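The values are calculated or read from the model by the stated rules, or taken from the named source; none is laboratory data. Quick caveat: nothing in here was measured; it's all calculated off a predicted structure. Neighbour counts are summed over all protein chains in view; Cβ atoms, including those assigned to glycine, are modelled from backbone coordinates with ideal geometry. Areas reflect the complete protein model, heavy atoms only, side chains present, ligands, DNA and RNA absent. Shrake-Rupley method; radii C 1.70, N 1.55, O 1.52, S 1.80 Å.
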Amino acid sequence: MTVKLRNVIPIFSSKQPLQTPKTVSPTYSNHPIIWKLKKCSAPQDLQSIHASMIKTNSHQHPFFMNQFLTTCCRLHEIDYAFLTFTDVADPNVFVYNAMLGGLVGHSQPIRALRLYVDMSRSHVLPTGYTFSYLIKACMQIPALGLGEAVHGKIWRFGFSSQLIIQTGMVDFYSSLDKIEESKRVFDEMSERDVVSSTVMLLGYARAGDMDSARRLFEEMPQRSTVSWNTMIGGYARARDVESAASLFDEMPNKDLVSWTTMISCYSQNKHFKEAVETFGGMKAAGVSPDEVTMATVISACAHLGALELGRELHQYALLNGFDLDVYMGSALIDMYAKSGSIERALVVFYKLAEKNLFCWNSVIEGLAIHGHGKEALDMFHRMKKAGRIFPNRVTFVSVLSACAHAGFVEEGRRMFASMIRDYSISPEMEHYGCMVDLLGRAGLLQEALDLVRSMVMEPNAVIWGALLSGCKIYGNLEIAEAAVEKLMVLEPNNSAHYMLLVNMYAEANRWGEVAIVRGMMKGRGVQKRGPGCSWIEMDGVVHEFAASEMFHPSSNEICLLLFGLDGQLKLAGYSLELDFNSLL
DNA sequence: GTAGGGTTAG
């Protein structure tokens, strides 16, 4: 898509006098319609309010329309706002600004830029706010490179010294990773307020320069809650959980965003337990969560396998009339799928009014991990049919792993080829891993090895490990030896690879080699790795299991059950690869 | 009406 600069940023006639619009008389602020709009929290009420505005002809009045549009946008009724906006015969700059703000706030930069074109064609003069929205729109489509042009335009209009414009430019440059430009504009500012300094903080945080951010933060004469939150968020991004936590403890008035930022900081840095605990602290502090908090905490539950808490949160969201948006939707789908309930995950998925790539990826991944390979692929095709949403690398990892687990060799090959050809996604380590797994499980070990050797990047231990498991199933010692040779370099201390080879030699009655490999392990001092562990929650209690340990109070019963299962599986004709004795 | 927090990853 190309947008001609000339069409987007038209040149104003310089003959027009530049004037700042006068503020609308405040006498209307007590008008019942304005009052109703300010209080309005239900989108379905908008239509009747608009009807009463038409009756009194106030739907043409700039002050009323400004309030009406702002209300629509606050309630996410952006299309309805636009519809009523087009009905206004002669909108002034306040009305345009409200509409622009709504469009930019709902990430519709192209519509915003078009509206700006209309505005200039109607000879409505922009204000500083108009340009600040324009800068935001440009930030949302950096590829067009319009920011500089807008900057030039602002300068010509004499707004360049306005605080709000300079603030916008600091933000604009830092959003494009041009931190030096941000600093230049910031240093040139003759006056600074809390907001401009906080935007600069955000710039440093985006650039990962938390030392400079801290210096500015310490120097700031006033700090708002937003300044604190920006700092905490910056440390979260920089993976400095400790600094984030200590700043959070220190901060005086924690609001909803502060708590959510801290929870997300823990979650993003894999401290899921702390994330859930902090959520508890938030509730104890009497701060109510919103959709953003919920999405974050539910995601932490998914990682912990805390189904019970996750379900409670879902319940809470339903009771409080929260919007089931794409963020919370994806988190819920993932949480239910990972905690064993693909049915509930699907219920959430079908309930979603709007689905983005995250939602589709979560449900495809969920089906894949539940072994529903065919359903996962069906879902993938439905996503393609729905249009507008294009698969990414994450999608293909799920799709390929679904093929691997269901044994769809031909389909997997096709998907892999299509990913490269139709979607220009270059295969990454994970994709190769799935393909090697797929081919290996199907016994196509030579093809798998050829694929590994064709890789542009150096294959990692996961790849060789997948190949080795394939060799183990089909007793292909030749390729297994090649894989183990690589694995010994990549993970020299992982006993599993040596043991796999030992078992294979033993199965082939090659006891000489068994002794050699065992000797190698001893000689290299290969230790058994730390235990892998897993959690599962039942009736609100999280049970932790680690390989080769018997700490769980019901270990004996569990092992008895497993042995029983082992026997039943053997009876059913399934030869189990696992040796339980090695686990105990 | 300018600043801060969100989801998927064998």
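Cβ contacts < 6 Å: first residue part of a helix (DSSP H, G or I), restricted to region A:128-149; second residue aliphatic (A, V, I, L, M) and within 12 Å of DNA strand B (Cβ to nearest atom), any location; separation 6+ or different chain. Result?
Partner pairs satisfying both residue conditions: A:128/A:164; A:128/A:165; A:131/A:165; A:132/A:164; A:133/A:100; A:133/A:104; A:136/A:104; A:137/A:104.
Hey, among A:400, A:377, A:367, which residue is open to solvent by less than 40 Å² (accessible area, probe 1.4 Å), within 12 Å of DNA strand B (Cβ to nearest atom) and not β-branched (Val, Ile, Thr)? Give the derivation first.
On the way: A:377 fails: within 12 Å of DNA strand B (Cβ to nearest atom); A:367 fails: within 12 Å of DNA strand B (Cβ to nearest atom).
Answer to the check: A:400.
Of the conditions (1) among the small types (Gly, Ala, Ser); (2) under 20 Å from the mean Cα position of the chain (by Cα); (3) farther than 15 Å from residue A:275 by Cα, residue A:212 clears all except one; give me its number.
Against the list (1) among the small types (Gly, Ala, Ser); (2) under 20 Å from the mean Cα position of the chain (by Cα); (3) farther than 15 Å from residue A:275 by Cα, residue A:212 comes up short only on (2).
Can you report the number of residues in region A:381-397 which are near DNA strand B (Cβ under 9 Å from one of its atoms) and part of a loop (DSSP other than H, G, I, E, B)?
1
Does residue A:534 satisfy the criteria of being of a type outside the set (Asp, Glu), open to solvent by less than 50 Å² (accessible area, probe 1.4 Å) and at pLDDT below 85? Full working, then the answer.
On the way: of a type outside the set (Asp, Glu): yes; open to solvent by less than 50 Å² (accessible area, probe 1.4 Å): no; at pLDDT below 85: yes.
Here the answer is no, as residue A:534 does not meet what is asked.
Counting only residues that are part of a loop (DSSP other than H, G, I, E, B) and without any contact (Cβ under 8 Å) to a residue 24 or more places away in the chain, how many does region A:150-188 have? I'd like the intermediate steps shown before the answer.
Taking region A:150-188 as the starting set, the residues that turn out to be part of a loop (DSSP other than H, G, I, E, B) are A:157-162, A:176-178.
Still in the list and also without any contact (Cβ under 8 Å) to a residue 24 or more places away in the chain: A:160, A:178.
Matching residues across region A:150-188 total 2.
If we keep just the residues of region A:331-355 that are not hydroxyl-bearing (Ser, Thr, Tyr) and not in a helix (DSSP H, G or I), which is most open to solvent (accessible area, probe 1.4 Å)? Walk me through how you get there before you give the answer.
Let us first name the residues in region A:331-355 that are not hydroxyl-bearing (Ser, Thr, Tyr), namely A:331-335, A:337-338, A:340, A:342-349, A:351-355.
Applying the additional criterion that residues be not in a helix (DSSP H, G or I) yields A:340, A:352-355.
Values: A:340: 51, A:352: 8, A:353: 105, A:354: 125, A:355: 60 Å².
Here the residue is A:354.
Specify the residue that is surrounded by the fewest Cβ atoms within 10 Å (Cβ to Cβ); the eligible residues are those in region A:155-188 that are away from DNA strand B (no atom under 13 Å from the Cβ) and β-branched (Val, Ile, Thr).
This residue is A:179.
Are any of the residues in region A:258-277 over 18 Å from residue A:331 (Cβ atoms), open to solvent by less than 10 Å² (accessible area, probe 1.4 Å) and within 9 Å of DNA strand B (Cβ to nearest atom)?
Among the residues of region A:258-277, at least one is over 18 Å from residue A:331 (Cβ atoms), open to solvent by less than 10 Å² (accessible area, probe 1.4 Å) and within 9 Å of DNA strand B (Cβ to nearest atom), which makes the answer yes.
Test each condition in (1) closer than 26 Å to residue A:39 by Cα; (2) over 30 Å from the mean Cα position of the chain (by Cα) for residue A:119 and report the one that comes out false.
Residue A:119 satisfies every listed condition except (1).
Taking interchain pairs and intrachain pairs at least six residues apart, which have beta carbon atoms under 8 angstrom, with the first residue in region A:353-364 and over 17 Å from residue A:299 (Cβ atoms) and the second within 6 Å of DNA strand B (Cβ to nearest atom) and not in a helix (DSSP H, G or I)?
A:354/A:325
Among helices (runs of 4 or more DSSP H) lying entirely in region A:1-97, which contain 3 or more residues that are open to solvent by 50 Å² or more (accessible area, probe 1.4 Å) and modelled with pLDDT under 70?
Working: elements: A:5-8, A:32-39, A:46-55, A:62-74, A:78-86.
Hits in region A:1-97: A:5-8.
Pairs, please: C-beta under 9 Å, at least 6 apart or cross-chain, first residue farther than 15 Å from residue A:443 by Cα and in region A:465-493, second hydroxyl-bearing (Ser, Thr, Tyr)?
Hits for this filter: A:484/A:498; A:487/A:498; A:488/A:498.
Which numbered condition in (1) near DNA strand B (Cβ under 9 Å from one of its atoms); (2) open to solvent by 40 Å² or more (accessible area, probe 1.4 Å) is the only one that residue A:431 fails?
Every condition holds for residue A:431 apart from (2).
Among the residues that make up region A:228-239, is at least one of them more than 14 Å from DNA strand B (Cβ to nearest atom) and on the phi > 0 side of the Ramachandran plot?
Residues of region A:228-239 that are more than 14 Å from DNA strand B (Cβ to nearest atom), as a first pass: none.
No, region A:228-239 contains no residue that is more than 14 Å from DNA strand B (Cβ to nearest atom) and on the phi > 0 side of the Ramachandran plot.
Need pairs with beta-carbon distance below 8 Å; first residue over 18 Å from residue A:77 (Cβ atoms) and within region A:27-49, second open to solvent by 100 Å² or more (accessible area, probe 1.4 Å) and basic (Lys, Arg); sequence gap 6+ or separate chains.
none
Just to verify a result, which residue in region A:410-428, among those that are aliphatic (A, V, I, L, M) and more than 16 Å from DNA strand B (Cβ to nearest atom), is nearest to residue A:467 (Cα to Cα)? Before the answer, list the steps.
So the first thing to find is which residues in region A:410-428 are aliphatic (A, V, I, L, M), and the list is A:415, A:417, A:419-420, A:425.
So of that shortlist, the ones also more than 16 Å from DNA strand B (Cβ to nearest atom) come out as A:417, A:420.
Working: A:417: 20, A:420: 22 Å.
Ranking the qualifying residues of region A:410-428, first place goes to A:417.
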